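Presented below is the structure to which this report refers.
The values are calculated or read from the model by the stated rules, or taken from the named source; none is laboratory data. Treat the numbers as computed from the prediction; the structure is a model and nothing was measured. Quick reminder, even Gly has a Cβ in these numbers, built from the backbone with ideal geometry, and neighbours come from all protein chains shown.
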Amino acid sequence: MNSIEELEKLLKTEVLVQVNEEIKTIEKLIKKQKNNEDLKIELNYMLDVKKYYDEVITHIEGKILKEEDAVKILQDLEDMTDDEDDI
């Protein structure tokens, strides 16, 4: 499996699933705490993350994502996972 295929699988089966769950959780919290600006900022951030990864998938499906870009994105995802493990 090349890096592009690996990235596509990871995004569709793990990353976007987690992002969507996080968005739903934040939206529920906002309904309970309507005036919480921190939650609104967090929601906007997660929506931007989702938009970015949706665009990556669009580029993969359109066969316009380069292998080197896929490697960089995979490395970024790995670094984020490492950072979460350190917490």
Residue match in segment 16-29 (condition: part of a helix (DSSP H, G or I), of a type in the set (Val, Ile, Thr), in contact with an Asp or Glu (Cβ under 7 Å, 6 or more places away or on another chain) and under 18 Å from residue 72 (Cβ atoms))
no
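Restricting attention to segment 45-65, and to residues there that are β-branched (Val, Ile, Thr) and in a helix (DSSP H, G or I), which single residue is surrounded by the fewest Cβ atoms within 10 Å (Cβ to Cβ)? Walk me through how you get there before you give the answer.
The first filter runs over segment 45-65 and keeps only residues β-branched (Val, Ile, Thr), leaving 49, 56-58, 60, 64.
After this cut, where a residue has to be in a helix (DSSP H, G or I) as well, the list is 49, 56-58, 60.
Values: 49: 16, 56: 20, 57: 16, 58: 11, 60: 18.
Ranking the qualifying residues of segment 45-65, first place goes to 58.
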Could you check, for segment 74-82, whether at least one of its residues is touching a helix residue (DSSP H, G or I) at 6+ places or on another chain (Cβ under 6 Å) and either of a type in the set (Val, Ile, Thr) or in a helix (DSSP H, G or I) (or both)?
yes
Consider residue 73 carefully, then state whether it is more than 19 Å from residue 21 (Cβ to Cβ), within 13 Å of the chain's Cα centre (by Cα) and modelled with pLDDT of 95 or more.
yes
